[in-house]
Amino acid sequence: MTDGAVLKSFIDGQWMDSSSGGRIEVDDPSTGEVIALVAEADVSDIDLAVTAAQRVFRERTLVDMHPYDRGRLLFRIADALELRADQIATTVCMDTGKAIDVAREEVGTAVRYVRYYAGLADKLEGRSIPRGANIVDYTVRSPFGVSAQIVPWNFPLELTARSLACAIATGNSVVVKSPDLAPLSGIEVARACEAAGLPAGAVNILTGYGHKAGQALIEHPDVRHIVFTGSMATGRTVLKTAAERIIPCIMELGGKSAGIVYADADIDCVIDAVRSGSFLNAGQNCNAFSRLLVDKRIADEVLERVKSCVQGLSVGPGRDNCDITPLISKRQQDGVEHACHTAVSQGARLVTGGSALRDRSGYFMAGTLFSDVEPSSHLFQTETFGPVLAVTTFDDPLMAVELANGTEQGLAAGVFTKDLDLALWTAERHWAGQVYVNGWFVGGVETPFGGVKQSGYGREKGQEALDGYVQTRNVGIKIAQPASNWAEGGKVRRDRA
Ligand code: NAD
């Protein structure tokens, strides 16, 4: 329970209360109990934060710093996070409801992102373009200015860390709008920035509601860059605002990722992938394994195995490291249950689960498996963001790929087979930003991640992410040949190479 203390926003190197006095109650999704009170940032708080970030950019505090020193700042942030890793993991577990081991992994991943981009800060280079003897020409890769970063609630610590690290490595300054449903990670990152001695205003982290603080942030005239991670619906709203002022955006949106299971697949491997890909963090993962496409010839066997896997998963609080932890909120719980009812009404066969667990406090949902899911149905087409797996059968590889690609999303995809040729053929045709073979979540900190189609554009993670945080500028210099001193008879003596 909260002791009544209000957790403040981190603005211009200071901890500041909300200018309106607004509060956000943070609850533990396992119990529904209020665990913290956070200052609710309003429009004037956002203005203070962007003004501070813009000052840092205008004064060239980070831009003129040796990139190695920007890297050192980031290394110190990573060290500060690592120093408090246990406490932060406990906070993340209570704030998001996820299993404590998953929370520990999230802290470790956040630390790795920050160190990864710290190490790359002094390796981002321009190029020199040959244009003949009388012109020197080169490119520089410059920051945009104030980067507005909008974070969702499912992995708030690592998502805040990865975007912020890219921005600082490249000399941008940052204003983060943390999610109102899970704001405590943002506060932990702010504490780490303070401990690392970042210049005041270089990173500002506030919590507020999307329609108010989030909208004020992306509309602010001094914002020059937006990193949005969230749903496709909100992404569209953000892009409309960004279009007005022609602000470049990195859009990391939702998915409806399909795994194709061919007849020769190792079923144990498929079950492992389902356990983590579909049910980790209660399925609240943008790249969740949410559609399982299986060869008709092995469909009964696979369905039976998946069913006993799902029925064997424990459902309970994150602190007990249960397999299926709560959803983030009652609203999310109601939405996932509603999606299950719609699936039944559209002809899908409910194999197990399908309901919220209302016999206990918290926002739990039974692990759910549907078969006979039609490609035109809501469940096949729309992100559920809950512990729900949809199974559909196929006749041959062409049909499998057509089904996999038959949605508007394209974030991740998978293929399960022992046939290397078939795996590569399928990986090439899966129209998704990241493809996993014989596993799920096979990507890492170092591998580029992002969507195709309506799952977004731009890349986070890996070296490619840095490209989204800089704009290439070109400098052309006219030069004259220094002929006078060296000339013999009016002509420059040519070096003998
Ligand atoms: P959401 O779209 O509801 O909210 C995301 C963020 O946007 C929140 O901080 C919210 O407050 C803010 N927001 C809402 N309206 C806004 C506005 N008008 N202007 C500015 N900001 C606004 O998403 P969510 O429910 O928090 O997160 C779940 C979604 O995020 C899922 O669709 C999931 O797939 C996606 N996601 C994508 C990735 C990725 O890397 N592609 C990673 C994690 C989550």
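Points to keep in mind about this one:
- For the set K256/K453; K307/K330; K98/K330; K296/K418; K212/K256; K177/K212, the pairs lying more than 19 angstrom apart at their alpha carbons are K307/K330; K212/K256.
- Inter-centroid distance (Cα atoms) of segment 8-41 relative to segment 266-282, Å: 35 Å
- The packing ranking, built from the mean of other Cβ atoms within 10 Å per residue, places the peptides 147-158, 287-298, 367-378 in the order 147-158, 287-298, 367-378, highest first.
- Ratio of the Cα radius of gyration of the chain to 2.2 N^0.38 Å, where N counts its residues: 1.08
- Note that segment 453-469 has calculated 3J(HN,Hα) couplings of 6, 7, 7, x, 8, x, 10, 10, 6, x, 5, 4, 4, 4, 4, x, 10 Hz, one per residue in order, obtained from phi through the Karplus relation 6.51 cos²θ - 1.76 cosθ + 1.60 (θ = phi - 60°); glycine and proline are x.
- Value at 222 nm in deg cm²/dmol, rounded to 500, when DSSP H runs of n ≥ 4 in the chain each add -39,500 (n - 2.57): -11000 deg cm²/dmol
- With all protein chains modelled, accessible area of S20 [1.4 Å, Å²]: 70 Å²
- Counting only DSSP beta bridges with both residues in the chain, the antiparallel share comes to about 40 percent.
- Computed in the context of the full set of protein chains, the accessible area of segment 387-451 at 1.4 Å probe radius has 57% of its extent on carbon or sulfur.
- Accessible surface of segment 269-350, 1.4 Å probe, proportion on carbon and sulfur as whole %: 48 percent
- With R₀ set to 60 Å, the beta-carbon distance separating L422 from S20 gives a calculated FRET efficiency near 0.55.
- Karplus-derived 3J(HN,Hα) values for segment 442-449, using 6.51 cos²θ - 1.76 cosθ + 1.60 with θ = phi - 60°, are 7, x, x, 4, 8, 10, x, 9 Hz; glycine and proline are entered as x.
- By average C-beta atoms within 10 angstrom, highest first, the peptides 187-196, 347-356: 187-196, 347-356
- Heavy-atom accessible area for K212, with the other protein chains in place and a 1.4 Å probe, reaches approximately 80 Å².
- DSSP assigns beta bridges within segment 257-437; of those with both partners inside it, close to 15 percent run antiparallel.
- Karplus-derived 3J(HN,Hα), 6.51/-1.76/1.60, for each residue of segment 323-338, Hz, glycine and proline x: 6, 10, 9, x, 6, 5, 7, 5, 4, 5, 4, 4, x, 5, 5, 4
- Taking every protein chain into account, the accessible area of the chain amounts to 42 square angstrom per residue (probe 1.4 Å).
- Among the trypsin sites (Lys or Arg not before Pro) in segment 76-127, those placed in a DSSP loop whose Cβ has at most 16 other Cβ atoms within 10 Å are R84, R127.
- Estimated dipole of the chain in Debye, rounded to 20 [Cβ of Lys and Arg +1, of Asp and Glu -1, Cα centre]: 1940 debye
The values are calculated or read from the model by the stated rules, or taken from the named source; none is laboratory data. No experiment lies behind these values; they were computed from the predicted model shown. A quick note on method: Cβ atoms are made from the backbone with ideal geometry, for glycine too, and the neighbour counts reach across all protein chains shown. All accessible areas refer to the heavy atoms of the entire protein, side chains included, with ligands and DNA or RNA removed. Shrake-Rupley method; radii C 1.70, N 1.55, O 1.52, S 1.80 Å.
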